[in-house]
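**Student:** What follows is a structure written as structure tokens; I'll ask about it next.
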Amino acid sequence: MISYSLLKTSGKARRGKITTPHGEIETPVFMPVGTAGTVKSLTSNQIAETGSQIVLANTYHLYLRPGMDVIGKFGGIHHFMHWDKPILTDSGGFQVFSLSGGLTKVTDEGVLFKSHIDGSMHHISPEISMQIQHVLGSDIIMAFDEPIKDDAPYQYAIESSQRTIRWLDRCIKEWHTLDPERKQSLFGIVQGGIYRDLRLESIHKTLDANLEGIAIGGETIGYNKERTKEILDWILDEIPCNLPRYTMGVGDIDDIFEVVARGVDMFDCVSPTRLARNGALLISPAEGGNKKNKYRLGISKAEYAMQDIPIDRTCQCYTCTNYSRGYLCHLFRSHELLANTLASIHNVAMLAQVCEKIRGSIENDTFASLMKEWIG
Ligand SMILES: [Zn+2]
């Protein structure tokens, strides 16, 4: 079971601490995504050295491959991936809807979907999602939900959002059966699309369940920047201050500041490692990073080939401490595997360092000026 303590606020931004069976997490925290039980191209030591305190693993991917018989044999995902710090697993809902190529049938019972790996048909229900996450043994598990598309019409958003609320009851019943000592903590997920009344209904019903954390989900969050802020403004004040709040799919630096400014504690995104593999390296304002260039530098460009300076001179990561832009440029142009590792270390470490700066600024009550420095 986890517990959350609120330590300090600066405006609505919150510095806190989550205690889990696998250690403490200082918040606000960015959680890198280990989709298939690996944060792509990084060993668990390398992940820890980036300053990451918790990783996210995907129920959908691990269920399809290697499968629950394998994970069960290894006693859970911590041992299997050799990571002894906290792990959060998602419910599988988002991938079921986004990866099965439209071949998804949703009923009140659950979701029938086609595997993106071999085309085989599978069924996930709220109960099955809880069973899978129980075998995975993550510290924080997510309720099974139907993430609503950003452009979902109102009528569909009503049906879907209410189904997610009904599914939450079934998740809770199954979780109590599987985990009577509450070693894992269940978070409910607020849906409701872009509709204020539905988001408010969803948050109130989710809070009624008395869980240990609240996630805010749906395709809109992290994808539609303006709507994300609006939705958070509608609902975050409804959440008691003793509960951690998690926005799913937020990983752009400006968005991190925007959600923290509204009182969010946790966020995850595949973007830092995905960008890294494409040679898009994160840079701070000191190196010219800003909202317009998305805090990115395209390291394969010829202009970096002769630069004997780190990617970012303010970054403390292993890559920036030991390697130059010129070397990284060469690795990417030569399609060397080491490029992925060094770039991923840097991008993940940058977000960990941004969060560390944010926590420090909340402590000193200077969050607003840090936000201005980073996003203008
Ligand atoms: Zn770095």
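**Student:** Please return the ranges of strands (runs of 3 or more DSSP E) entirely within the range 107-147 where 1 or more residues are touching a residue at least 40 places away in the same chain (Cβ under 8 Å) and over 15 Å from residue 217 (Cβ atoms). It would help to see each step written out before you state the result.
**Tutor:** Numbers: elements: 111-114, 121-124, 140-142.
Qualifying strands (runs of 3 or more DSSP E): 121-124.
**Student:** Do you know which of the residues in the range 304-338 that are within 14 Å of the ligand (Cβ to nearest atom) and in a helix (DSSP H, G or I) is farthest from residue 284 (Cα to Cα)?
**Tutor:** Result: 327.
**Student:** Given 292, 357, which one is more than 13 Å from the ligand (Cβ to nearest atom), outside any loop (DSSP other than H, G, I, E, B) and within 26 Å of residue 263 (Cα to Cα)? Show your work before the answer.
**Tutor:** On the way: 292 fails: outside any loop (DSSP other than H, G, I, E, B).
Among 292, 357, only 357 is more than 13 Å from the ligand (Cβ to nearest atom), outside any loop (DSSP other than H, G, I, E, B) and within 26 Å of residue 263 (Cα to Cα).
**Student:** What is the number of the single condition among (1) within 16 Å of the ligand (Cβ to nearest atom); (2) crowded, with 17+ Cβ neighbours inside 10 Å that residue 371 does not meet?
**Tutor:** Failed condition: (1).
**Student:** Here is a follow-up. Confirm whether residue 295 is open to solvent by less than 30 Å² (accessible area, probe 1.4 Å), among the aromatic types (Phe, Trp, Tyr) and touching a Gly at 6+ places or on another chain (Cβ under 6 Å).
**Tutor:** Details: open to solvent by less than 30 Å² (accessible area, probe 1.4 Å): yes; among the aromatic types (Phe, Trp, Tyr): yes; touching a Gly at 6+ places or on another chain (Cβ under 6 Å): yes.
Against the criterion (open to solvent by less than 30 Å² (accessible area, probe 1.4 Å), among the aromatic types (Phe, Trp, Tyr) and touching a Gly at 6+ places or on another chain (Cβ under 6 Å)), residue 295 qualifies.
**Student:** Now for a separate question. Would you point out the residue of the range 145-200, among those that are open to solvent by 40 Å² or more (accessible area, probe 1.4 Å) and among the acidic types (Asp, Glu), that is nearest to residue 21 (Cα to Cα)?
**Tutor:** The selected residue is 181.
**Student:** Just name the residue that is most open to solvent (accessible area, probe 1.4 Å) out of those in the range 303-336 that are in contact (Cβ under 8 Å) with a residue 24 or more places away in the chain and over 22 Å from residue 52 (Cα atoms).
**Tutor:** Residues of the range 303-336 that are in contact (Cβ under 8 Å) with a residue 24 or more places away in the chain, as a first pass: 304-305, 311-320, 325, 328-330, 332-333.
Then keep just the ones that are over 22 Å from residue 52 (Cα atoms); that gives 304-305, 325, 328-330, 332-333.
Details: 304: 24, 305: 47, 325: 16, 328: 0, 329: 1, 330: 95, 332: 24, 333: 133 Å².
Restricting to residues being in contact (Cβ under 8 Å) with a residue 24 or more places away in the chain and over 22 Å from residue 52 (Cα atoms), the top hit is 333.
**Student:** Here's another thing I want to ask about it. Could you list, in sequence order, the residues of the range 8-59 that are hydroxyl-bearing (Ser, Thr, Tyr) and under 23 Å from residue 76 (Cα atoms)? Break it down into steps so the answer makes sense when it comes.
**Tutor:** Going through the range 8-59, the residues hydroxyl-bearing (Ser, Thr, Tyr) turn out to be 9-10, 19-20, 27, 35, 38, 41, 43-44, 50, 52, 59.
The answer is 19, 20, 35, 38, 41, 43, 44, 52, 59.
The rows are residues; the columns are (1) open to solvent by 40 Å² or more (accessible area, probe 1.4 Å); (2) modelled with pLDDT under 95; (3) not in a helix (DSSP H, G or I).
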{"position": "52", "(1), (2), (3)": "no, no, yes"}
{"position": "61", "(1), (2), (3)": "no, yes, no"}
{"position": "66", "(1), (2), (3)": "yes, no, yes"}
{"position": "70", "(1), (2), (3)": "yes, no, no"}
{"position": "75", "(1), (2), (3)": "yes, no, yes"}
{"position": "80", "(1), (2), (3)": "yes, no, no"}
{"position": "83", "(1), (2), (3)": "no, no, yes"}
{"position": "88", "(1), (2), (3)": "no, no, yes"}
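**Student:** Still on this structure: If only one of 100, 3 is at pLDDT below 95 and over 17 Å from the mean Cα position of the chain (by Cα), which one is it?
**Tutor:** Working: 3 fails: at pLDDT below 95.
Matching residue, one of 100, 3: 100.
**Student:** Here is a follow-up. Taking the range 286-305 as the region of interest, how many residues are in contact with a helix residue (DSSP H, G or I) (Cβ under 6 Å, 6 or more places away or on another chain) and closer than 21 Å to residue 327 by Cα? Explain how you work it out, then say what you get.
**Tutor:** We begin by selecting, within the range 286-305, every residue in contact with a helix residue (DSSP H, G or I) (Cβ under 6 Å, 6 or more places away or on another chain); these are 291, 295, 299-300, 304-305.
Those still in the list that are closer than 21 Å to residue 327 by Cα too: 295, 299-300, 304-305.
Count: 5.
**Student:** Turning to a different aspect of this structure: Across the range 246-263, what is the total count of residues that are under 21 Å from residue 212 (Cα atoms) and either outside the structural domain of residue 222 (by TED's automatic domain parsing) or in contact with a helix residue (DSSP H, G or I) (Cβ under 7 Å, 6 or more places away or on another chain) (or both)? Give the derivation first.
**Tutor:** Within the range 246-263, the first condition is being under 21 Å from residue 212 (Cα atoms), and the residues that meet it are 246-250, 259-260, 262-263.
Next, from what is left, pick out any that are either outside the structural domain of residue 222 (by TED's automatic domain parsing) or in contact with a helix residue (DSSP H, G or I) (Cβ under 7 Å, 6 or more places away or on another chain) (or both): 247, 250, 259-260, 262-263.
Qualifying residue count for the region: 6.
**Student:** Another question, then. Does residue 254 satisfy being surrounded by fewer than 23 Cβ atoms within 10 Å (Cβ to Cβ) and more than 25 Å from residue 232 (Cβ to Cβ)? Talk me through it step by step, then tell me what you get.
**Tutor:** Working: surrounded by fewer than 23 Cβ atoms within 10 Å (Cβ to Cβ): yes; more than 25 Å from residue 232 (Cβ to Cβ): no.
Answer is no for this residue.
The values are calculated or read from the model by the stated rules, or taken from the named source; none is laboratory data. Because the structure is a prediction, the values reported are computed rather than measured. Neighbour counts run over all protein chains shown; Cβ positions are idealised from the backbone, glycine included. Keep in mind that these areas ignore ligands, DNA and RNA; they rest on the heavy atoms of the full protein, side chains included. Shrake-Rupley method; radii C 1.70, N 1.55, O 1.52, S 1.80 Å.
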